[in-house]
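Only one structure is covered here, and it is reproduced in the block below.
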Amino acid sequence: MTENNEKFEPKIVAFFCNWCTYLAADSAGVARKQYPPNIRIIRVMCSGRIDPMFVLKAFKEGADGVLISGCHPGDCHYERGNLFTRRRMAELKNLLNYMGLEPGRFHISWISGSEGGKFVDLVQEITETVRELGPQTKFTKVGFDE
Amino acid sequence: MSNREEKMRVMVRELLESGKIKYFIGYEGGSDAFYVSPCFISNPKDVDKLIFGPNCYSNLSNYILEEQKKVLKRGEEKDPRPIGIIVKGCDSRSIVQLMSENKIKAADVIILGVPCKGIIDPEKIEAVAKKMKIPGKALMGMKLAETSDGFIGEFDGKEYKFPKSDVTMDKCKVCMYPNPIISNELLDVEVEVTGKLDYSDIEKLEKMTPDEKWKFWESEMSKCIRCHACREVCPVCYCKECVVDPHNLVVSPKTQSKTKENKSMWIERSAELPENIFFHLTRMNHMFGRCTNCGECERVCPMGIRLSLLTKKIEKDAKELFNFESGVKKDEKPLLGVYKEGDPDDFIR
C-alpha cells in the first residue's frame, strides 16, 4: 500500500490487440511521446481473444483499472473479432457498473496503428481518472497486494 | 383431480404403452402438498403417480440433458426414441433455448404443454398460512384447486382460500409467456397473458451510486457458500467442464503441487467475497442472451441470494441493447455469436 504522503500510483492492466493498438503504442514510443508508466500492456492477437474473465481476474488480483483496446470496426485483422468483443464488453461494462464498480475503472477503446497520439492522450486521461478514484478495493482479494 | 391431470395420465399411458417414448418426466407428490418432486416414469403401471397442479414449481427441462450424459455399456445400443416431458409456459422457453443452441432436437422430445395461471411459492404460502393460523397438518395434507383469482385448499371438509397475488411466485407476476411456446399437445385451453413486465427493482438499483450498489451486493455476495446449486439446476448451464471445476487435470505421482495449484485457477472454490463475485459475474456473462429467467437459481439458493436481480438485469440489457429475447424463437442465432454493424458503441472511446 502507498503511504499517505506518497502519491498514489494506479496499476492499469491493458489488453491490446497485436495489429492496431499495440502498434499504436509502439509508434508512440518511436515518436518519443511520453505516456504514464502505470499501464501494464498485455498483448493479445485480437481483441476478440479477450474473455470477460480476463477483466474480472485482473480486478480480482488488484488492478485499479482495466483498458481494452483493439482495431476500429471494419479494420480487424481477422475481419470481425472486435465486433464480437463489442457485444461482450457492452454487457460486461453494464454488469460491473451494476455491481458497484466505478465507471471510470473499465475502459474500451478503438485505436488504430497510426493513432499514437490518441493512445498517449487516452492513457494519460485514464491514469488521471483512476488516480482520482483511488485504489480499487471492492473486487480485490484481501492480502493480495504486492 | 383436475381435468388436465387426468388428460395427462391418459396421454402418458398411451405413449408408454405404444412405445413411442422411452420414459416420461413429470411430477409426483412430495413430502407435503406444496413440495413436489420430479419423477421418471417408464412403466405404464406407474402413471397414476403423476400429478400436475399449481404446486408444480420446478423446471424439468434440465433433466432432458441427463440423457446425454449417460454412458453406454459395451454392446448396448442407443435408444433412439424421444423422451416425454411436461412443461409450463416458462419451462418451454428453456426447451426452445436449448433447441436454438442445437443441444436438443425437436425429435428428441415429446412435449405436453400446460397453459399456466401461476405457480405457488411454497415459502410464501407457508408465511400466509401462519398469518391465517392454518394448522400445519392441514397445510401439509390439503388438496389444491384453482379458481379465477386464487387457490382453494381443502382439508377435512374445511376450505381455505388463498388470494393469487399473495402466494404465486415472483416470476409469475411478470410472466409474458404463460402458454407454452413449443408443444406437441396442449393439455388445456390457452390462457390470457396477465403478467406485466416490471423492471422497477432493477431500475432502482441502477440509479444508486456505485458505493450504495456495492453495499447491497457486498452483503448479498458474502452470503454465498459456493455450493453451485444455481449452476446445477440451470437448464442452460450444461458445459461438461465448468471453469469452476478443476477435474480435468490428470494427476500422476510425478504431478507437482505447483501444477495442481496452477490448474484452473480462474475461480477458486473458496467462498470468499472476490471469488463469489467472480463466479456470479462469470455465470451472468455466460448466461447473457441465453437465460430465460425461469427463476430456478434463486429458488434453489440455500442462502437466499437474490439472483433474480442479476438474471433480470441481463434480460433487460439484452432487450435494450440488442432487442433480443432468449428462448422465444427456435431457429434464432445466439446473441453473442453474431454481430451487427449498428451495435451500440457509445461506451467505446
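So the values come out like this:
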read-out: Neighbouring partner chain Cβ atoms per residue of A:94-106, average, 10 Å criterion; value: 6
read-out: Whole-angstrom gap from the stretch B:288-349 to the stretch B:98-175, using each part's C-alpha centre; value: 26
read-out: For chain A, the fraction of alpha-carbon pairs in successive 10 Å shells from zero, as %; value: 12, 42, 35, 11, 1
read-out: Of A:K57/B:K260; B:K207/B:K313; B:K213/B:K312; B:K7/B:K173, those spanning more than 23 Å from alpha-carbon to alpha-carbon; value: B:K7/B:K173
read-out: Largest to smallest principal axis extent of the C-alpha atoms in chain B, angstrom; value: 64, 59, 47
read-out: Loop chymotrypsin sites (Phe, Trp or Tyr not before Pro), the stretch A:53-146, which have at most 11 other Cβ atoms in a 10 Å radius of their Cβ (DSSP); value: A:F144
read-out: Theoretical FRET efficiency, 1/(1+(r/R0)^6), r = Cβ-Cβ of B:D166 and B:V300, R0 22 Å, to 0.05; value: 0.45
read-out: Selection from B:A138, B:L65, B:F40, by position along the positive dipole direction of the stretch B:27-167 (Cβ); value: B:L65
read-out: Evaluated at q = 0.08, 0.09 Å⁻¹: base-10 log I(q)/I(0), Debye formula over Cα of the protein assembly as shown; value: -0.60, -0.74
read-out: Positive-end extreme of charge dipole, the stretch B:161-254 - chosen from B:I225, B:W214, B:P163 (charges on Cβ); value: B:I225
read-out: Semi-axis lengths, Å, the stretch B:151-231, gyration tensor of Cα atoms, sqrt of 5 times eigenvalues; value: 34, 20, 17
read-out: Cα centre as origin, Lys/Arg/Asp/Glu Cβ charges: the protein assembly as shown dipole, Debye; value: 920
read-out: Share of Cα-Cα pairs in the stretch B:213-304 lying beyond 21 Å, as whole percent; value: 39
read-out: Radius of gyration, Dmax [the stretch B:1-100; alpha carbons; angstrom]; value: 14.3, 45
read-out: Average other protein chain Cβ within 10 Å of Cβ, residues B:336-348; value: 5
read-out: Kirkwood Rh (inverse of mean 1/r, distinct Cα pairs), the stretch A:1-61, angstrom; value: 13.4
read-out: Separation between Cα centres of the stretch A:10-65 and the stretch B:4-34, rounded to whole Å; value: 57
read-out: Within the protein assembly as shown, percent of DSSP bridges classed antiparallel, to nearest 5; value: 45
read-out: Dipole magnitude of chain B about its Cα centre (Cβ charges: Lys, Arg +1; Asp, Glu -1), debye to nearest 20; value: 780
read-out: Computed [θ] at 222 nm, helices only, for chain B once each DSSP H run of length n ≥ 4 contributes -39500 (n - 2.57); value: -9500 deg cm²/dmol
read-out: Test item: A:68-81 mean partner chain Cβ contacts at 10 Å; value: 1
read-out: Listed pairs B:K164/B:K319; B:K20/B:K117; B:K130/B:K223; A:K138/B:K258; B:K70/B:K103; A:K7/A:K33 exceeding 20 Å between Cα atoms; value: B:K164/B:K319; B:K20/B:K117; B:K130/B:K223; A:K138/B:K258; A:K7/A:K33
read-out: DSSP-defined antiparallel bridges as percent of all bridges, chain B, nearest 5; value: 70
read-out: Evaluated at q = 0.19, 0.24, 0.29 Å⁻¹: base-10 log I(q)/I(0), Debye formula over Cα of the stretch A:84-146; value: -0.92, -1.11, -1.17
read-out: Percent breakdown of C-alpha pair distances by 10 Å bin, ordered from the shortest bin, for the stretch B:290-349; value: 19, 42, 28, 11, 1
read-out: Relative packing of B:112-121, B:250-259, B:7-16, which averages over residues the other C-beta atoms within 10 Å, highest first; value: B:112-121, B:7-16, B:250-259
read-out: Sequence-separation-based contact order of the stretch B:1-159, relative, with Cα cut under 8 Å and 6+ spacing, percent; value: 22
read-out: Residue pairs, from the table B:K124/B:K329; B:K49/B:K158; B:K49/B:K133, whose Cα atoms sit over 28 Å apart; value: B:K124/B:K329; B:K49/B:K133
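No value in this document is a laboratory result; all are computed from the given coordinates. Because the structure is a prediction, the values reported are computed rather than measured. Don't worry about glycine lacking a Cβ; one is built from the backbone with ideal geometry, like all the others, and counts go over all protein chains shown.
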